Structure formats: structure tokens, C-alpha cells
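**Q** Okay, handing you the structure first.
Where a number appears in this text, it was derived from the coordinates with a stated rule and is not lab data. Bear in mind that the values here come from a model prediction, so they are computed numbers and not experimental data. Quick reminder, even Gly has a Cβ in these numbers, built from the backbone with ideal geometry, and neighbours come from all protein chains shown.
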Amino acid sequence: MPGATLLTGIGELVTLDPAHPGPLGILPDAALLEVDGRVEWTGPASAAPRDDADEVIDVEGAAVIPGFVDSHTHLVFGGDRSAEFEARMAGRPYSAGGIRSTVAATRAASDEELRRRLAGFVRELRAQGTTTFEIKSGYGLTVEDEARILRIAREVTDETTFLGAHVVPTEYADDPDAYVELVTGPMLDACAPHARWVDVFCETGAFTVPQSRRILEAGAARGLGVRVHASQLGPGDGVALAVELDAASVDHGTYLTDRDVELLAGSNTVATLLPGVEFSTRHPYPDARRLIDAGVRVALASDCNPGSSFTSSMPFCVAVAVRDMGMTVAEALRAATLGGAEALRREDVGHLRPGARADYVVLDAPSYVHLAYRPGVPLVARTHVA
Ligand code: NIG
Ligand code: FE
């Protein structure tokens, strides 16, 4: 948006700028000048460069935070799995096999149907303060359907991820390696032009470490960045593989060994934790405290998908992470903003330092702490996407 806008009357501005105090770089009684969609200046409202602004907006004491960066979603799909959720809440275990029912529904859905649902999810994200979001494929599992999902996802975000290796589809059940051939050959050819990242579900019941390695290396050779789903349902070697391949992020991390934590701490790989999954599958929440204390960089994301985590709400993830994963409110907010940006290897979002995209959220609250203090309450007054 061209022009200069001064946001003033900010009771508490979370900048995540190391030039400002504390781990979140918080300024009380602050203002923010946006010029041509970028943060030009932040500082005390009393020192705001009012004359430089074409427009002045007074938020009357509200807290302002960077927009949430949701680095892990699966938002292009058909169908509904509420019956599966209901059965789980009555004691049935989560099974990765449920993915195949969404695959059938997604293949049967028209482009228009997928687009219409996606538009609804994007409205949900915005209403809850998310300004940057990633979308994975993975519910098509044919060359045409995976490419179609990525094309549709690309219409709403640049952060698209090829997850042809989500599970082995039914038609390849007897020959999973033939499916890996398809993924690393024709499917990658069709999908790479629409994707920034490649991902694999490296887990018992999905893909083995050698299969995952082949797929990730093939994607990397095509210029895609690497991300990995690992250690969601039990411990395994997926984290070590992710670190070895310098993945931007390894996601889930519910069952981490001491060795995994040590490897992550010495790497450039972010551990992206997905509280909505444990909420919805009744697995134990991942131990964020253990990771942070070991020096691992942590992100929070929604993993919004119809099977394991059907929430699009980053404030919900923040509240659960604080209540049940050992994070302070400041750590959880950082993980949901700057942490997500790190998991996407982006420097222009997730903070409000000069030069950043002016993507911010005005809260209907005097402090960011209310995000965890008032769980389930719609506290996003306005989401601004520059
Ligand atoms: O990230 N872990 C694998 N994939 C999804 C689950 C998808 C599903 O159950 O449909 C996830 O949790
Ligand atoms: Fe996922």
C-alpha cells in the first residue's frame, strides 16, 4: 500500500527489535510509521514523526504485535473427519492412515470447491492475526492432484510445500518404493515449479528414513528448501535426517530423544511444535522448555488440517504452549512470530524492525500477555497485511 501511515496511541508495541528492551523489544506508549508497506520507524509516541504521515491512526492504548507466521498448514483439501475426531475423544487412537480418507475426498473435489474452502480458511487466519502462512500439498498423491493443490495454494501464498510423500496411497500399498519413484520423478517435475519447499512425513506407517532421504535430496536438487515431519507418533531418525540435510524446520517433535535435542541445538534447523496436534490426538504435548533450555530455536504453528489438528488459530496455539508446554508467554509469542519466520528462513516478517513488512495485529487488549491469559477470546481487533 503506497503512502505513509502513523499508527499511534499503542499501549504496548512488541517489535522483536533487539534495539528495544527485553526479549520481545517492547515499547510502551509507542508509535509505528509505515511507509510503502514497510516499517520505517518505531519509538515513543511523543517522538513520532507526525509530519511524515499522510494518515494517522490512534489505537487508543491497544497492544500491537507482529502478525503471526504460521509455518505449517495443509489448507487445500476436501471432506471432513469430525467423526474420526469424535471417536478419538471416546478413546480411539489417532492413525496416520486417516490421511487416505482426505485424499479420496480431495481427489473428488473440483478446483472451485477447493478454492472456496481455502478462501474461507484464509479469512479465518486473518481474523486470528496470521499474516504469513505456508501451505503443503499432500492430499492428492497423484501427479495431477499434487500439482493442482500447489497451484491453488500458490494463489494465496508464496510459501508452498510439496508433500507428495505424505503417506503411500492405497493404489501403491503393495509397492511403496514404486511410489517413491513417482514422487522423485514425474510428481516432482510437475510440482517443483509451484513449490518453494519439499517435505516428507518420516514416521512409522508413512516413509522410512532411506525413502525420506531420497525424496528430500531429489527436491533439494531441484532447488527446493527442505522441511520434515518427524517424531510425531514415536521416536525415530527423522530429526537426525533433517539436521543432516540442513532442513529449515523439523515439525512435530513430540517424541524427541536426548540425541535429537543435542543435534537440533547444534544446527540451523528450527523445531516447529504443533500444539493443535496433541490437543486433537491426545498424545503428550512436546516439551518446549527442554528444547529452549538446550538452545534449540522453536516455532509454533497450527498444522491446520482435517485429521490431526483442525484449528487455524495461532492465539490458541500460544495459549496451549504456555499452559502445557512449559513456555513463557514471551517465548510463545516469539515462537509464533519470529520463530515461524525462522522456520521459513524469512527475514522480512515475524518482527517489526525498520525494513520489515508492516504486517501487524492490533489486539483488543492492553498487553500481548492476554493472548494466553484470555484463551479462546477473540482478541484480534485488526490484522494489517502490508
Ligand atoms: O501434520 N503428520 C502428518 N500429516 C498431518 C496429518 C494429516 C492427517 O491426519 O490428515 C500432520 O499432522
Ligand atoms: Fe503437517
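**Q** Could you order peptides 335-343, 252-260, 376-384 by the average number of other Cβ atoms within 10 Å of their residues, highest first? Kindly include the intermediate steps, with their values, before the conclusion.
**A** Numbers: 335-343: 27.9, 252-260: 19.7, 376-384: 16.3.
So the peptides 335-343, 252-260, 376-384, ranked by packing, come out 335-343, 252-260, 376-384.
**Q** How many angstrom lie between the C-alpha centres of segment 323-344 and segment 73-100?
**A** 26 Å
**Q** Can you give the extra length, in nm with one decimal, that the chain gains between Arg222 and Ala173 once fully stretched, where that is 0.36 nm per residue apart less the Cα-Cα distance? Kindly include the intermediate steps, with their values, before the conclusion.
**A** Numbers: separation 49, 0.36 × 49 = 17.64 nm, distance 2.70 nm.
The span from Arg222 to Ala173 would gain 14.9 nm if fully extended.
**Q** Separate question: DSSP beta bridges in the chain, what fraction antiparallel, as a percent rounded to 5? Before the final figure, lay out the partial values.
**A** Numbers: 23 of 55 bridges.
Once the DSSP bridges in the chain are tallied, antiparallel ones form about 40 percent.
**Q** With only alpha-carbon pairs counted, each pair once and no self-pairs, how large is the Kirkwood hydrodynamic radius of segment 68-344 in angstroms?
**A** Details: mean 1/r = 0.0550 Å⁻¹.
Mean inverse Cα-Cα distance, inverted, gives 18.2 Å.
**Q** If you stretched the chain out fully between Ala108 and Met89, how much longer would it get, using 0.36 nm times the residue separation minus the C-alpha to C-alpha distance? Please list the in-between numbers first.
**A** Numbers: separation 19, 0.36 × 19 = 6.84 nm, distance 2.80 nm.
Here the segment from Ala108 to Met89 would lengthen by 4.0 nm.
**Q** At a threshold of 8 angstrom on Cα-Cα distance, excluding pairs fewer than six apart, so keeping six or more, what relative contact order does segment 1-69 reach in percent?
**A** Details: 158 pairs, mean separation 29.2, N = 69.
It rounds to 42 percent for segment 1-69.
**Q** For the chain, calculate the relative contact order in percent as a whole number, restricting contacts to Cα pairs under 8 Å that are 6 or more residues apart. Don't skip to the answer; put the middle values down first.
**A** Working: 937 pairs, mean separation 75.7, N = 386.
Here the relative contact order equals 20 percent.
**Q** Okay, next question. Roughly speaking, what is the centre-to-centre gap between segment 182-207 and segment 244-306 when only Cα atoms are used, to the nearest Å?
**A** 21 Å
**Q** Kindly provide the helix-only [θ] at 222 nm of the chain, computed as the sum of -39,500 (n - 2.57) over DSSP H runs of four or more divided by all residues, to the nearest 500 deg cm²/dmol? Walk me through the intermediate numbers first.
**A** Values: 15 runs with 128 residues, N = 386.
The helix-only estimate for the chain comes to -9000 deg cm²/dmol at 222 nm.
**Q** Helix 314-324: angle to the longest alpha-carbon principal axis of the chain, degrees 0 to 90, nearest 10?
**A** 80 degrees
**Q** What do you get for Rg/Rh of segment 258-361 when both radii come from the Cα atoms and Rh is the Kirkwood radius? Don't jump to the answer; show the numbers that get you there.
**A** Numbers: Rg = 13.7 Å, Rh = 14.1 Å.
Radius of gyration over Kirkwood radius for segment 258-361 works out to 0.97.
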